[in-house]
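In what follows, a structure is listed as structure tokens, so that the remarks can point back to it.
The values are calculated or read from the model by the stated rules, or taken from the named source; none is laboratory data. Remember, it's a predicted structure, so these values are computed and weren't measured experimentally. Here the Cβ is made from the backbone with ideal geometry for all residues, glycine too, and neighbour counts use every protein chain on show. Only protein heavy atoms, including side chains, enter the accessible area calculation; ligands, DNA and RNA are left aside. Shrake-Rupley method; radii C 1.70, N 1.55, O 1.52, S 1.80 Å.
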Amino acid sequence: MSYDDQNIFAKILRGEIPNKTVYEDDHVLAFEDINPHAPVHVLVIPKGPYTDIGDFSANASDLEITAYYRAFPKILDKLDLTGDGYRVIANCGINGGQEVPHFHSHILGGTKIGCMVSK
Ligand code: AMP
């Protein structure tokens, strides 16, 4: 899948659409999901143009990959999720139910998240 620069997260990164930012640095943006599935639902995206976790892991620079994962403890601290726990999900492609084709991780918390997959 080639990267579609008209996807909604690309527009957020260009400042064309507002977002509720939780965390930002040179390589990473974390913001509140517009349609939350839990009391805390935050999306973490790299600023580079990667479609999913496979594309990101294969093609991002070591600096981008390190920055992405090093941002998590900072975001989790801000969200106060480290004590009671949370879930991280990355939907990929059609079978994964990915709606926005820019790599992102969902952080869900603030309650017990429940089953890992629907039956
Ligand atoms: P996924 O199905 O993994 O691609 O998830 C995409 C997520 O993006 C969904 O949970 C949407 O609610 C969320 N979303 C879509 N548009 C926006 C937006 N403008 N701001 C914040 N979250 C959004």
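Quick check: anything in the stretch 38-55 away from the ligand (no atom under 13 Å from the Cβ) and in a helix (DSSP H, G or I)? Yes.
Once the stretch 4-30 is narrowed to residues that are near the ligand (Cβ under 9 Å from one of its atoms) and more than 17 Å from Ile75 (Cβ to Cβ), the residue that is most open to solvent (accessible area, probe 1.4 Å) is Pro18.
Test Asp33 against the criterion of being acidic (Asp, Glu), in contact (Cβ under 8 Å) with a residue 24 or more places away in the chain and more than 16 Å from the ligand (Cβ to nearest atom), and give yes or no.
Against the criterion (acidic (Asp, Glu), in contact (Cβ under 8 Å) with a residue 24 or more places away in the chain and more than 16 Å from the ligand (Cβ to nearest atom)), Asp33 does not qualify.
Count of the stretch 69-119 residues, restricted to those that are within 16 Å of the ligand (Cβ to nearest atom) and in a helix (DSSP H, G or I), is 6.
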